[in-house]
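The values are calculated or read from the model by the stated rules, or taken from the named source; none is laboratory data. Note that this is a predicted model, so its numbers are computed, not measured. Here the Cβ positions follow ideal geometry from the backbone for every residue, glycine too, while neighbour counts run over all protein chains shown.
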């Protein structure tokens, strides 16, 4: 079973739908841990009334602190990070579990595949408009058409829904709080795993969740995550995505891409990142 970590910030309608989908469409009774930021919309009372394990803060402490707080309550060896505006489709967890069982060890970052109502140009996402809010959500249509939405597995897993072994979450230090409230924290976590020796960043094409794209980031003062990533790691996020994770590339059966053949291109990309950091 998994421990599912869900940070939320005054988003009760989506949170309720998210948890309902987990309970209805999971093969196992996974542990659910919610971190409630603020909770003045009634979400904290609802969580308590329904006996859901949780941590809480009186104000919004951001994704990094929220995830690290919730992870301390985990009882299972695999952690799943899920956004509160996601709706899990049938088979989402069994597809992830199949990938886990095929791994030679527990050093991996595995992601489900998002279905989103708007095309953002993300090559890892399936575009399908089944509503942009709880009120307009066409769950029946989505469930009926879900088998046709599965895609091939892809490389470059970074963002939720992500699955990682609990011991590796803690070994690399979870989400980096210097990136609070959380811009670029996903990429930073992947880089920390990379430095720990991880080379399996796998998106599972038939583990599907619907993502409403109801982002909370518009309500916060954002950290300059891209600049922080550049200063910390000596390369841009786009360099890491393109030349290391090779995000969006189709995966072979073994789930690991061969090392990049064009090492000169990789070195030039890294040099450009260092020069950008020095002179920007």
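Tabulated data for the structure shown
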read-out	value
Unmet requirement for residue 213, which otherwise passes all of (1) within 19 Å of residue 97 (Cβ to Cβ); (2) surrounded by fewer than 22 Cβ atoms within 10 Å (Cβ to Cβ)	(1)
Single residue of the range 212-228 satisfying the filter (at pLDDT 90 or above and in a loop (DSSP other than H, G, I, E, B)) that is farthest from residue 241 (Cα to Cα)	212
Flag if residue 126 is surrounded by 14 or more Cβ atoms within 10 Å (Cβ to Cβ), at pLDDT 95 or above and touching a helix residue (DSSP H, G or I) at 6+ places or on another chain (Cβ under 9 Å)	no
Unmet requirement for residue 20, which otherwise passes all of (1) touching a residue at least 12 places away in the same chain (Cβ under 8 Å); (2) under 29 Å from residue 117 (Cα atoms)	(1)
Count - residues of the range 169-191 that are surrounded by 20 or more Cβ atoms within 10 Å (Cβ to Cβ) and out of contact with any helix residue (DSSP H, G or I) (no Cβ under 7 Å at 6 or more places or on another chain)	2
